[in-house]
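Nothing in this text is a laboratory measurement; each read-out follows from the coordinates by a stated rule. Computed from a prediction, not measured in an experiment: that's the story for all the values here. Cβ atoms come from the backbone with ideal geometry, glycine included; neighbour counts cover every protein chain shown.
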């Protein structure tokens, strides 16, 4: 068969298209795109780059290989919604009362959501000339005033609550929205989120964009299609096999997004962050937090220390492993700085990490990191961490020597514990009471209540 000849019009269209792709990266070079990717309930050890032995994650791992992996990366809460309130504002969410999950739509009242006086990362980037899009899980309020389109985003595709099934239910529209319109989604949800992320990039690759891509993988319910399950036929445990399939689907989706950036010549001009919203609920989904102690819902390391990666080619060193404690609150000031914006002094708790990663700044970004989650409390200073669980007794650990928090040093180091408690109390006095209570009480691992909670968000 002879090759098909192009008409003059087709040839010109093809040539102009190629020139557009080649020039897009340099045209947008002054303002990098910002791509924020979140996983849901992903345990500390569940990426290949973090030591996972049975689930390959080459696409997510590439962000660490081409950028920075934070060994001591934290989130500001051990559950979904308050963590998101923190990272989207750059502030400890307890400052504005968003301390607990919002609960189900039936539980949440009209004022349960990210307070309207809080400025989001989307608000800030929009003011800097960015087009903004949110894809995936929101979990910052159900009432129309809390909708992503009212919080700085130009476009939204996803769901508003804490969890959603992955498999389609033909003829039964779920809680998936395009903008404010409820739709029936017919694809596996992780694939649908990838599709919508690609659509957003296709539509806006010629202008600076902020894409907030929040997967619900690997949160309950455990659901996967045969396409992904077939990859893990050797895993005998059915729950672990399904979990592996879900994680692999998310890694594929990340790979598609990265490939689309490369297609438009945008990868080197895009600051990419990957983070999980909390540690894994090991009983519910088999997610691994080892070598950390604890799980989702606890301020032990397993609940708040998470996979945390950042890539910005030609700006950040490739393959760097960064060991100073950082927190997801740092994402907002880092992104705003990369975009050429400025943060009002004292308006956020996060720190611009770029100078620390490029060597322009030395020392640790934070003197202290803090947590309050109901009766639970924690503070980290350097290698030291003080923790108070539900019992009310403070414990003290040296994380450099004991990452698993297995040896309480409180009695051996009473002065250090007193110093950390005093610093935590000083911070705590700056906070406000929770605007609403915890939707449900989290029980100890292995109980039915705890498994039900993991499903709730």
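The angle separating the long axis of helix 189-204 from the principal Cα axis of greatest extent in the chain is about 60 degrees.
Using the rule -39500 (n - 2.57) for each DSSP H run of four or more residues, divided by the residues of the chain, the 222 nm mean residue ellipticity is -9000 deg cm²/dmol. Bridges between two residues of the chain, per DSSP, are antiparallel at a rate of about 50%.
Assuming a ≥ b ≥ c are the square roots of the Cα gyration tensor eigenvalues, decide whether segment 25-133 counts as rounded (a/c under 1.5), prolate (otherwise, with a/b larger than b/c) or oblate. Don't skip to the answer; put the middle values down first.
Values: a/c = 2.35, a/b = 1.20, b/c = 1.96.
In terms of gyration-tensor shape, oblate.
As a size descriptor, the averaged projected area of the C-alpha convex hull of segment 285-364 was calculated at 7.2 nm². Taking every alpha-carbon pair under 8 Å whose residues sit at least 6 apart, the chain reaches a relative contact order of 25 percent.
If you take the square roots of the eigenvalues of the alpha-carbon gyration tensor of segment 151-271 and sort them as a ≥ b ≥ c, do you get rounded (a/c under 1.5), prolate (a/b over b/c) or oblate? Could you put the intermediate results ahead of the total?
Numbers: a/c = 2.38, a/b = 1.33, b/c = 1.79.
Cα axes put segment 151-271 in the oblate bin.
Extending 7 Å from Cα along the Cβ direction at residue 116 and again at residue 178 yields two label points whose distance is 2.9 nm. Can you bin segment 125-204 into rounded, prolate or oblate? Criterion: square roots of the alpha carbon gyration tensor eigenvalues sorted a ≥ b ≥ c, rounded for a/c under 1.5, prolate for a/b above b/c, oblate for the rest. Here segment 125-204 falls in the oblate category. Pair-distance distribution of segment 75-153: all C-alpha pairs, bin width 5 Å, starting at 0; shares per bin in whole percent are 3, 17, 27, 26, 19, 6, 2, 0. Segment 349-421 and segment 211-251 have Cα centres spaced 33 Å apart.
Here are a few candidate values for P(r) over Cα pairs in 10 Å bins from 0, in percent: (i) 4, 19, 25, 21, 17, 10, 3, 0; (ii) 4, 21, 32, 26, 11, 3, 1, 0, 0; (iii) 4, 18, 27, 26, 17, 7, 2, 0. Which one was actually calculated from the structure I just gave you? Of the labelled values, this structure produces (ii).
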